[in-house]
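Read through the structure below, which is laid out as structure tokens, and then see the notes.
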Amino acid sequence: MTRRLPFLVAAAAAFCFLLGITPGWVHQPAAVTAFGRLPVLSEGRFKPLDSVARSTLLVIKGSQTIVLPGKEPTVLTPDQWLLDVMFAPEKADAYKVFYIDDPDLIALVGKSEANLSIHYHSFNEIAPHIAEIEAQEKLAEPVGAQARNHFQSSVVQLYGNLSHYLRLRRAVVPDGSKDFLGELIHLQENLVEGVDAVRAKEEGKPHDEAKAAALMEEGQKFVGMSESTDLLAIPPDEGDDPNAWHNAGHALLETFGKGEVNPAVFAYAGMAYAWRGNQTESFEHILGLYQASLAKHFPRQVEKARIETVFNAAQPFYAGMWMYLGAFLFAALSWIRWPEPARLSAVGLVGVGWVVTTVGIATRMWLEGRPPVTNLYSSALFIGWGSVALCLVLEVIYKNAIGTAAAGMIGFATLIIAHHLAMAGDTLEMMRAVLDSNFWLGTHVVVVATGYASTYLSGALAIIYILRGIFTRTLDKATADSLARMVYGIVCFATLFSFVGTVLGGIWADQSWGRFWGWDPKENGALIIVIWNALILHARWAGMVRQRGLMCLAVFGNIVTSWSYFGTNMLGVGLHSYGFTQAAFWWLTAFVASQLAIIALANLPLDKWRSFRPGPA
Amino acid sequence: MNEIFRQARAFLVSLRLTVFLLALSIVLIFWATLAQVDLGVWGVQHRFFHAFVVSASVGGLQVPVFPGGYAIGGLLLANLLAGHIYRFKMGWRKTGIWIAHAGLILLLLGELVSGLVQKDYQMRLDEGETKNYAESGRLFELAVIDATDPKFDDVVAIPDSLLAHGTVVQSPKLPFRVVPKEYNANSAIQMRSQAPGAAPSLATVGMGTMVAVTPLDPTYKEDERNMPSAFVELAGPDGTLGTWLVSPLLGNPQKFDFAGRTWKLVMRPTRIYQPYSLTLEKFSHDVYPGTDIPKNFSSRVRINPPGGEPGREVLIYMNNPLRYAGLTYYQQSFDNNATILEVVRNPSWLAPYIACGAITLGLVIQFMIHLVGFARRRRA
């Protein structure tokens, strides 16, 4: 049994992951899944509606699913939620999807003292207070993002979320329209006469005033629609620029010139009608027709959208996170009981986790057409991935579960960080012009991230040394020496990569801004990491530190790296200031405190270390 | 004597000094990075990196509290050189270390030189506009222009640092002396009619008699700019011509006649003139569809060499600057349809490339030596 355990563990992990990809596993009808795969142009890139739904929910609610209360609570998938938002808003407006955690803001949306701990609110609950929210937002908005207090940033955030929601709600069906399909059919039928009437009116000839007025009113409505959404869901006509997608309102305004209602808008209106009326068959039928026409004219976008939906459903990084956690527990177990079976199980889990995240990162790269690191989110993914790869190499060399434990620790930590960074919105966002260089993104950013990854790895190994040495009897001389060699080797590796990466950054800066070095906070952060690694090496060469000192310095490297990686973004100055969150500041402080505590522990006299204490073995 | 020398040498060569200096440099960089929030990147360079000591204000007095960039960098350089001379032994196993540290020396020297001589300017061009000068983003000058001949201007430019120090300027090209009376590094102006309570102006002629000046604290923010103002008296051989207010806030030059010539007086961003000129043919700017995220921007520029030689057209865009006649032009930003180019003169731009190449090579060699040794030992 114990010999088979590693295979069983790895197989179980792989099975769980594959289950996520299989279409039958997702609890939603096939037609809803198919709707989620429709490509649209949003935030500058083509993506499936499924991604629109998921990233919107992550931004406004902080999670991707909605549980509807009731006798039997039902779970709404992101696609189902989006369908209700777009086609049945009176239902969607009642879903409690707006996350608010500021007590003052909760009070502002009309909650009494006793209910200030209710964090999720529906649009219906908030709607009566929109004017006040808008007024407060106007007051808070001019304050710089860094200087806002919690209430101010919450109100700015809520206002943004509300308008995000409304832009989605108005994406294809105008506000308050109960039967949009009927209106469009009516428009189509009366179009010729209506246009004639308007023309005659403009030329001052006799005309049917009612028809002209009705058509003008339609036109006004479409103008309103075209201004109230940023979801470009309607594909261009054949022969037009294939990237020039428009929103529904814009496409409808062309009706008057072209003499017919845009068929894609018709399709969406038809789907809306069927969805509201619970007519599953006609929903599937209209969707099928629209899909077929898209697949004919935009095969590439349709295929990309399909792959992205599969990628969304698989959640490779979420799956990998749990695998790494499991691996860490197995590795730790291997030092206490069942050394080989537990260690190999851990290696198996890390291996599966690493393959899964590799596939995930590769898919992201393919979707974006970019190197792996393009923003803070992807840097967390990549740092985790690189660390785990290094750890696997260490494990192959030393076979003592240390590499695996470190892999589990760093893999889990980086993926949980990435998970939280994803709350900021679409993680496949477009690159600003200044960063738009695949060559430099591929070299500078990747090499710097590898340097960060290896610095964290040396810190993680040092933590294992200290904690095992103090709290367990398992750190014998051979293990201690091999850990010291690992840390030393990884610090050398980290020095090389962080230096080369920083230099490549300097060259990029010289190419694009005219200075090799500008003392920008992020540059300084990278430089500090290089110097810190160099300091560790020189301190060791000078004999100023031995094993224990080396470990303490390596743990401090975690603090240095975290400050450079996140802390510099929090200053809010410089070219690299992106992705700041207030919560991140407290997490960073807590992390620094924990690392200092570990360093303090390491300075306990050696006879307090259980591993080094003389006595019965 | 010999003993002292030996001890000093041992100190200078020691690795302990290296570690100590590295630690100091980390503290310095960390501190300076935090200080950027208040001081801005230029202020920080001036106070922390391009300085021998970092001073802090203690009870209104500037007291040196920490070694600055020059001190730490200089000591590191001495430490490195001493190490090269006395400690490093040539030999295969140390080749990497030797090359890397030689590169490091070059890097430190290169940064020192570029800190001293690098200059940056900006050039703003509207479509179709031609300019033969770039302007400083931070420094200003007082231009005294002899505009008698309509065909060309004869300019005497006085850096505003001279005005700030109150230095009286006399030039053989000028029939009067320029006597600074008052200088504000940053200021705001408004019409006197809207500021009834303002103190009387020092100015006796020109625009300055009509506006009131309010001194402001200098700003270090990246998106703000100091707007200096100064009162200058022009003193002729037979007495004063009057006192003028000069400031870039005033816009157009102020005109007056003296000694049979027509003069213009203006405070403007410091200019650097070139023998050639650039014409902006076309500026292009795209955003991602449905967003306002800039996707790219580029300037098609024509270079007009001196003497009417045929020019050529170049495209300047992100990550693709124009290097011409010792200057480098980068696409920095834009303002409607005007392009803003960053213009940099940095004669030592090549040094970091060579230095970093050497250090990287050295580190890679050393890493490989260790790796091969490690692999051999494991196999054994």
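Some points to look at:
- Subset of the stretch A:518-552 that is under 22 Å from residue A:606 (Cα atoms) and more than 10 Å from chain B (Cβ to nearest Cβ) - its residue that is surrounded by the most Cβ atoms within 10 Å (Cβ to Cβ): A:551
- Only one of A:327, A:342 that is buried (at least 18 other Cβ atoms within 10 Å of the Cβ), of a type in the set (Gly, Ala, Ser), at pLDDT 90 or above and touching a Ser or Thr at 6+ places or on another chain (Cβ under 7 Å): A:327
- Residue match in the stretch B:177-198 (condition: charged (D, E, K, R) and under 30 Å from residue B:283 (Cβ atoms)): no
- Residues within the stretch B:283-299 that are closer than 16 Å to residue B:318 by Cβ, more than 7 Å from chain A (Cβ to nearest Cβ) and surrounded by fewer than 17 Cβ atoms within 10 Å (Cβ to Cβ), tallied: 4
- Within the option set A:375, A:312, being touching an Asp or Glu at 6+ places or on another chain (Cβ under 6 Å) and touching a residue at least 60 places away in the same chain (Cβ under 8 Å) holds for one residue only, A:312.
- Meets criteria (more than 14 Å from every other protein chain (Cβ to nearest Cβ), of a type outside the set (Asp, Glu) and over 30 Å from the mean Cα position of the chain (by Cα)) for residue A:466: yes
- Checklist (1) outside any helix (DSSP H, G or I); (2) within 14 Å of chain B (Cβ to nearest Cβ); (3) hydrophobic (A, V, I, L, M, F, W, C) applied to residue A:475, failing item: (2)
- If you filter the stretch B:51-69 down to residues that are buried (at least 16 other Cβ atoms within 10 Å of the Cβ) and either aromatic (Phe, Trp, Tyr) or within 12 Å of chain A (Cβ to nearest Cβ) (or both), you find that the one that is farthest from residue B:117 (Cα to Cα) is B:66.
- Out of A:57, A:5, A:68, A:19, sole residue that is hydrophobic (A, V, I, L, M, F, W, C), touching a residue at least 24 places away in the same chain (Cβ under 8 Å) and not assigned by TED's automatic domain parsing to the domain that holds residue A:125: A:5
- Annotation for the stretch A:22-36: no member residue is in contact with a Lys or Arg (Cβ under 8 Å, 6 or more places away or on another chain), at pLDDT 85 or above and either closer than 19 Å to residue A:161 by Cα or polar (S, T, N, Q) (or both).
- Strands (runs of 3 or more DSSP E) fully within the stretch A:52-115 that include at least 1 residues being more than 22 Å from the chain's Cα centre (by Cα): A:66-68, A:74-76.
- Some residue of the stretch A:390-406 being closer than 20 Å to residue A:483 by Cα, in the same structural domain as residue A:368 (by TED's automatic domain parsing) and within 22 Å of the chain's Cα centre (by Cα): no
- One residue from A:237, A:241, A:208 being farther than 27 Å from residue A:47 by Cα and not assigned by TED's automatic domain parsing to the domain that holds residue A:39: A:208
- Residue in the stretch B:141-164 that is assigned to a loop (DSSP other than H, G, I, E, B), closer than 30 Å to residue B:324 by Cβ and among the aromatic types (Phe, Trp, Tyr) present: yes
- Residue list for the stretch B:258-317, filter: among the aliphatic types (A, V, I, L, M) and closer than 30 Å to residue A:247 by Cβ: B:287, B:293
- Comparison of B:13, B:27, B:37 shows that the only residue that is of a type in the set (A, V, I, L, M, F, W, C) and under 22 Å from residue A:515 (Cα atoms) is B:37.
Let's see how each residue does on (1) out of contact with any helix residue (DSSP H, G or I) (no Cβ under 8 Å at 6 or more places or on another chain); (2) more than 7 Å from every other protein chain (Cβ to nearest Cβ); (3) closer than 30 Å to residue A:489 by Cα:
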{"residue": "B:309", "(1), (2), (3)": "yes, yes, no"}
{"residue": "B:338", "(1), (2), (3)": "yes, yes, no"}
{"residue": "B:357", "(1), (2), (3)": "no, yes, yes"}
{"residue": "B:361", "(1), (2), (3)": "no, yes, yes"}
{"residue": "B:375", "(1), (2), (3)": "yes, yes, yes"}
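- Which listed residue is in a helix (DSSP H, G or I) and either among the polar types (S, T, N, Q) or within 8 Å of chain A (Cβ to nearest Cβ) (or both), from B:330, B:353: B:353
- Taken over the stretch A:508-517, residues that are part of a helix (DSSP H, G or I) and facing another protein chain (nearest Cβ under 7 Å) amount to 4.
The values are calculated or read from the model by the stated rules, or taken from the named source; none is laboratory data. Since the model is a prediction, treat every value here as computed from it, not as a measurement. When we count neighbours, we look across all protein chains shown, and the Cβ atoms used for this are built from the backbone with ideal geometry, even at glycine.
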